[in-house]
Structure formats: structure tokens, C-alpha cells
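Below is one structure, written out as C-alpha cells; the observations come after it.
The values are calculated or read from the model by the stated rules, or taken from the named source; none is laboratory data. What you see is a predicted model, and the numbers here were worked out from it, not measured in a lab. A quick note on method: Cβ atoms are made from the backbone with ideal geometry, for glycine too, and the neighbour counts reach across all protein chains shown.
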Amino acid sequence: MLRYLTSGESHGKALIAILEGIPAGLRLSNKDIDKDLARRQVGYGRGGRMHIEKDKVEILSGVRLGKTLGSPLTLMIKNLDWENWQEIMNVNEIKGKEIKALTHPRPGHADFAGLIKYNFKDIRDVLERASARETAVRVAIGAVCRKFLQEFGIYLYSRVIQIGKVKDESEWQPLNENYSLIENSSLRCLSKEAEKGMIALIDEAKKSGDSLGGIFEVMITGLPIGLGSYIQWDLKLDACLARAIMSIQAIVGIEIGLGFSAAKKFGSQVQDEIFYDKQKKKFYRLTNNAGGIEGGMTNGEPIILRAAMKPISTLAQPLHSVDFITKKEVKAIKERADVCAVPAAAVIGEGVSAFEIAKTMREKFSGDSLEEAKRNYESYLKRIINR
Ligand SMILES: Cc1cc2nc3c(=O)[nH]c(=O)nc-3n(C[C@H](O)[C@H](O)[C@H](O)COP(=O)(O)O)c2cc1C
């Protein structure tokens, strides 16, 4: 079983994750993880924090001489900003030092419900853990899972297709040169024209002290038929992916394949007809409206999912709120914040999806070592092809 837990506060000393269930013998180095950490940090519209942090992972356990041991991996990312927060975030009470409590909850953030639920008097006790800073270490987990999946020819891609009302309606084929355009775009956007419009909109939001959300897309290729299952609700791969994507801070919706637009069409326009190529001895489809999943299982087509991110809730021109202690009308707190973080969310989307796919691969093909997992995988492929 593949599982993980994360810990750490946004301005605490470090973020930590323990990942258990990666087989022994997978080649893994810091570089494999740092690459994705860097991809999460960039994007037009991000705030000042990302200029301070230069995320690098430290692998504290589970790897020896460049290969996994099959034991739990402990991953740590130091928060460089912690230097500036040592008093406010000190583990020990500092006698005689008064730390000003934040008491003006931001609409849309975890502040309001968190204060009440945990009986706190200071919003910082909530926001430090609710913050999306935590996703840095989830991207690290995702990078390990990505490395594992690559051993089986499975690859993950992402791009931004909408910021606010500006859409990129171009088609993409991530395996060709298009993908380097996306990787080199400041908004992970394929169309240069759409990117220009998105940048202008972000500038406009920044100028007026506002924020923006958008939509990103994740594509996963090289999947065998039959990952996930219809046998039980919690084994359905679409459900697992939906939960993982919705667990990303500020994500308010997910669709797979045609998603919501399928509801407006006739069945004949939606279902992907099945064909058989006698020469290649292969089933095939001409369309992929299902987005690669039918009955909670991969059907051999790429998985395509899209997620909607709401606008960032910390605004430079803050919204109406109420002081939690005095009950007086106030403006919500202003923390240093991103204006738009959809490109980062796309990379996080890849990471959490990589974990879910790796988890279902581990469930299906097991193996204490990578070699054993591959042998099991090959024997399954042998059975399902040439039918
Ligand atoms: C990559 C990323 C960066 C974010 N940056 C900020 C930010 O700078 N300020 C902020 O208020 N919210 C930010 N958010 C969103 C909040 O973390 C999120 O709205 C909050 O934790 C409440 O959770 P919820 O929106 O899922 O209900 C960001 C989210 C992501 C995915």
C-alpha cells in the first residue's frame, strides 16, 4: 500500500512528508524532486514569498546510494523564510514577548471556521497549516511517484487553459514540441495570444488589489487498461483522482473527459465507440470523451482531467469582515499573497495525480522490489494484449 502524511507550517522550520510503499531498487536523487519543486514555484502572478524560497528537498531516509530501500522515505523542505519568523513561529512560549494576534478573518480562507473549530484566538494558528505552502512537499511526493511511474512508461503533463475569463482553446499533444512551449510559458499556457490576455488580466487584478483563479488540465499517458476498479466505491480511480485534486487548496471543481459538457449532449455524441484493428490485434477508439476512465478503471486512453481554482482569498484591497474578538466591522487581514497561482496549482495537480496512479499501480502489481513489480506488470500486459 502506498500512503503518505505531510506536516509543517507555512512559516515553520520545514515541511516534512513520509511516503511509504515505494518498492526497493528505484533510482532516485534529490535532482528528480527539485526539478518539480522549481516548476511549482514559478508563474506570473505569484507573490513575494516565492522570491525568498528556493525549494530544495532533503531525503532523510529510505534511499541509499541513489536507490530506494523499500523503507519509508522521509522528505524535508526547509522554509528559508523561517529565519524571519523565528519569534512568531517559535515552538516555545517567549516570556515577556507579546505577539499580536490576527483577528480579522479573510472570506474564502480557512480563518473563520478554523478559529471557531479549534477554539483559537489568533488566525495565525489556522492559516499556517491551511496555507498552500504545504503543497511543496506534496509535489515532492508526486515527484517520487512520477519517477516510479516512468519505469512503466507512464508520464504526466499539465497546462493552464483559463485565467479568469481568458481561455486558451488550443488543442495539445504533450508528447511533441508543444510541451516545451507550455513548460517555458510563464503561465503554463500553450497559446501565446491567450497568455498575453491572461497576463493583462493578472496585471489588472494586481493594480486593483484583486485576485484571480482559473482552470488547469492534467494529462496522463502510457496507462495500462484496468487500473482502479468498479468493485468498490473507494477503488474507483476517477473518485480517487477527484478527491486528490479537490484536496489542493482553493480547488473548487474537477471534471474528467468531457465532464460537465457531457451532460448537455446525447449519448451518441459522448460515448467513445470501440473498434478492433485485426492487423495490430488491438482495440482502439477514435475519441476520448471519457477522459481515459470508464467504470472507475483506466481504459487505455490518456487520462484527461481539468480542475477549477477559485481566486486567491487574500486581497490587497481586503473585503469586509468582523473582528473575531470585538465583533466590530473591519477589513480582512492582508498577508503577503499571490494574485494568481493557477500555474503552480497545475504542477500540484500533476503531483497529487502521480500519487494516485502510483498507488493503484502498487495495488495491482505489488512487488517488494521494482524488478518484481515490473515482472508482475509485464505478465499482466502479456495477458491483455493480443487478445
Ligand atoms: C499554489 C497555491 C498558492 C496559493 N496562494 C495563496 C495566497 O498567496 N494567499 C491566499 O490567501 N491563498 C492562497 N491559496 C489558496 C489558499 O491556500 C486556500 O484558499 C485556503 O487554504 C483555503 O482553502 P480552500 O480554498 O480550499 O477552502 C493558494 C493556493 C494554491 C494551490
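Whether any residue in region 122-142 is more than 11 Å from the ligand (Cβ to nearest atom), touching a strand residue (DSSP E or B) at 6+ places or on another chain (Cβ under 8 Å) and either of a type in the set (Val, Ile, Thr) or at positive phi (or both) is what I want to check.
Yes.
Being part of a loop (DSSP other than H, G, I, E, B), more than 14 Å from the ligand (Cβ to nearest atom) and touching a residue at least 40 places away in the same chain (Cβ under 8 Å) is the filter here, so list the residues in region 331-370 that pass it.
367, 368
Could you please tell me which pairs satisfy a Cβ distance under 6 Å, a separation of 6+ or placement on different chains, a first residue in region 107-122 that is closer than 22 Å to residue 211 by Cα, and a second residue that is part of a helix (DSSP H, G or I)?
Close Cβ pairs (under 6 Å, with a partner that is part of a helix (DSSP H, G or I)) amount to 110/126; 110/130; 111/126.
Looking only at region 234-272, how many residues end up being in a helix (DSSP H, G or I), under 18 Å from residue 358 (Cα atoms) and away from the ligand (no atom under 16 Å from the Cβ)?
Qualifying residue count for the region: 7.
Go through region 144-154 and report how many residues are buried (at least 18 other Cβ atoms within 10 Å of the Cβ) and either within 16 Å of the ligand (Cβ to nearest atom) or over 13 Å from the mean Cα position of the chain (by Cα) (or both).
Residues in region 144-154 being buried (at least 18 other Cβ atoms within 10 Å of the Cβ) and either within 16 Å of the ligand (Cβ to nearest atom) or over 13 Å from the mean Cα position of the chain (by Cα) (or both): 6 in total.
Mind checking which helices (runs of 4 or more DSSP H) fall wholly inside region 1-118 and carry at least 1 residues that are at pLDDT 95 or above?
Working: elements: 30-41, 49-52, 111-118.
Where helices (runs of 4 or more DSSP H) fall fully within region 1-118 and carry at least 1 residues being at pLDDT 95 or above, they are 30-41, 111-118.
For residue 231, work out the one condition from (1) out of contact with any helix residue (DSSP H, G or I) (no Cβ under 7 Å at 6 or more places or on another chain); (2) modelled with pLDDT of 95 or more; (3) buried (at least 17 other Cβ atoms within 10 Å of the Cβ); (4) part of a loop (DSSP other than H, G, I, E, B) it doesn't fulfil.
Every condition holds for residue 231 apart from (3).
Looking at 86, 162, which is the one that is closer than 30 Å to residue 184 by Cβ and away from the ligand (no atom under 13 Å from the Cβ)?
Criteria check complete, one pass: 162.
Evaluate the following for residue 328: is it on the phi < 0 side of the Ramachandran plot and either free of Cβ contacts under 8 Å to residues at least 12 places away in the same chain or away from the ligand (no atom under 16 Å from the Cβ) (or both)? Break it down stepwise before answering.
Working: on the phi < 0 side of the Ramachandran plot: yes; either free of Cβ contacts under 8 Å to residues at least 12 places away in the same chain or away from the ligand (no atom under 16 Å from the Cβ) (or both): yes.
Taking the combined requirement at face value, the residue satisfies it.
Out of all the residues in region 91-117, which are closer than 28 Å to residue 251 by Cβ and out of contact with any Asp or Glu (no Cβ under 7 Å at 6 or more places or on another chain)?
106, 107, 108, 109, 110, 111, 112, 113, 114, 115, 116, 117
Looking at (1) more than 15 Å from residue 227 (Cα to Cα); (2) in a helix (DSSP H, G or I); (3) away from the ligand (no atom under 16 Å from the Cβ), which one does residue 378 not meet, given that it meets all the others?
(1)
In this structure, does residue 163 turn out to be crowded, with 24+ Cβ neighbours inside 10 Å, hydrophobic (A, V, I, L, M, F, W, C) and closer than 20 Å to residue 40 by Cβ?
Values: crowded, with 24+ Cβ neighbours inside 10 Å: yes; hydrophobic (A, V, I, L, M, F, W, C): yes; closer than 20 Å to residue 40 by Cβ: yes.
It is true that residue 163 is crowded, with 24+ Cβ neighbours inside 10 Å, hydrophobic (A, V, I, L, M, F, W, C) and closer than 20 Å to residue 40 by Cβ.
Kindly provide the set of residues from region 314-368 that are hydroxyl-bearing (Ser, Thr, Tyr) and touching a strand residue (DSSP E or B) at 6+ places or on another chain (Cβ under 7 Å), ordered by number.
Answer for region 314-368, where residues must be hydroxyl-bearing (Ser, Thr, Tyr) and touching a strand residue (DSSP E or B) at 6+ places or on another chain (Cβ under 7 Å): 321, 353.
Which one of 80, 102, 60 is among the aliphatic types (A, V, I, L, M), surrounded by fewer than 16 Cβ atoms within 10 Å (Cβ to Cβ) and in contact with a Lys or Arg (Cβ under 8 Å, 6 or more places away or on another chain)?
So the residue among 80, 102, 60 that is among the aliphatic types (A, V, I, L, M), surrounded by fewer than 16 Cβ atoms within 10 Å (Cβ to Cβ) and in contact with a Lys or Arg (Cβ under 8 Å, 6 or more places away or on another chain) is 80.
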